[in-house]
Amino acid sequence: MKKQLLSSLVAAALLGTMAFSATAQNLAIVNGKPVPKARADVLKQQLERSGRPVPAEMDEQIKEEVIAREIFLQEAGRRGLAASPEYRQQMELARETILIRELFADFQKKNPVTDAEIKAEYDKFAAANEGKEYHAAHILVDSEDRAKAIIAEVNGGKKFEDIAKKESKDPGSGAQGGDLGWSNPGNYVPEFSEAMLKLNKGEMTSAPVKTQFGWHVIRVIETRQAQLPALDDVKPQIAQQLEQQKLMQFQDGLRSKAKVQ
């Protein structure tokens, strides 16, 4: 009798250990159905991949989200919604979206942007933006005659800024008295840049300048040597830009090779 009782106690202890082990691997049991802890881990990984930080304090929130999903999934299953055409269509779209996203992620993982590529892109940017920067202002009008009259008015003592605020067809700079801020000459259309480069600090064009936008009266407020950001300061932006370029080239290459009838 004693031996039999001991065997029963051992068996109960073993069963209890097995039950504890099974429970430990589950996040919860909802309506008798175990919810694996792995589902919370997957949700956490998805949040991290999207760029969101997931501190330990969010574990309880993630757990509640997984439990809520299980409750809703069970109800959807009870109603037979998984067999509906609408559900199957949405699942197919989701499958396509996820698979394409994984394709792009796999390409980027296997074709990372290198430091040498970033440096080359920075050097190209630096070469295109070296030299002088110009702090310029302009007044844009529709006719050459009005532009000539404005030049005469400014030379006669009227304020350039006041005329720009009242008459310039460029709403952005006009509201600022014609001020265009600091910029490299290459950022303007050629006719504008050529006229601006002939001016010294404080000078204004003696004749209107015609571009595709209309007639300009240009004034140079100040000049300085180009101030470029350090490579380390713009490295993340350059890397992101190059990643997008590589991905677009990959996509274009697949399209060009595809036989579409």
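The values are calculated or read from the model by the stated rules, or taken from the named source; none is laboratory data. Everything numeric here is computed off the predicted structure, so don't read it as measured data. Backbone-built Cβ (ideal geometry, glycine too); neighbour counts: all protein chains shown. Protein only, heavy atoms only, side chains kept; ligands, DNA and RNA dropped before computing areas. Shrake-Rupley method; radii C 1.70, N 1.55, O 1.52, S 1.80 Å.
Give the long-range amide H neighbours of residue 27: residues separated by 5 or more places, or on another chain, with amide H under 5 Å away, using H modelled in the peptide plane at 1.01 Å from N.
Those lying under 5 Å, H to H, from residue 27 are 35, 37.
Measure nothing but the geometry: give the 0 to 90° angle between the long axis through the Cα atoms of 2-24 and the longest principal axis through the Cα atoms of the chain, rounded to 10°.
10 degrees
Can you pull the percent of the chain's accessible area that's carbon plus sulfur, 1.4 Å probe, other chains left in place? Provide the component values of the computation, followed by the final result.
On the way: 10260 of 18370 Å².
About 56 percent, which is the carbon plus sulfur part of the accessible surface.
Contact order normalised by length for region 158-260, with contacts defined as Cα pairs under 8 Å and 6 or more residues apart; what percent is it?
Working: 72 pairs, mean separation 14.4, N = 103.
Relative contact order for region 158-260 comes out at 14 percent.
Computed FRET efficiency, Cβ-Cβ of residue 246 and residue 206, R0 45 Å: what is it to the nearest 0.05?
On the way: r = 49 Å, r/R0 = 1.09.
For R0 = 45 Å, the calculated efficiency reads 0.35.
In whole angstrom, note down how far apart the Cα centers of region 187-249 and region 155-184 are.
Centre-to-centre (Cα) distance: 18 Å.
Between helix 59-78 and the chain, what is the angle of the helix's C-alpha long axis to the longest principal axis, kept within 0 to 90° and rounded to the nearest 10?
Result, in degrees: 70.
Among 204, 47, 230, whose Cα sits farthest toward the positive end of the charge dipole of the chain (+1 at Cβ of Lys/Arg, -1 at Cβ of Asp/Glu, about the Cα centre)?
About the Cα centre, the residue reaching furthest to the positive side is 47.
Which value in nm describes the separation of the simple spin-label points at residue 83 and residue 129, placed 7 Å from the Cα toward the beta carbon?
So the label points at residue 83 and residue 129 sit 6.3 nm apart.
In Å², and per residue, what accessible area does region 195-249 have when probed at 1.4 Å with the other protein chains present? List each step's numbers first, then the result.
Details: 3490 Å² over 55 residues.
That works out to 63 Å² per residue.
Let's test the formula: R0 of 41 Å, r as the Cβ-Cβ distance of residue 33 and residue 110. What FRET efficiency results, to the nearest 0.05?
On the way: r = 39 Å, r/R0 = 0.96.
The computed FRET efficiency comes out at 0.55.
Check residue 170: other-chain or 5+ apart residues with amide H under 5 Å from its amide H, H built from backbone geometry?
140
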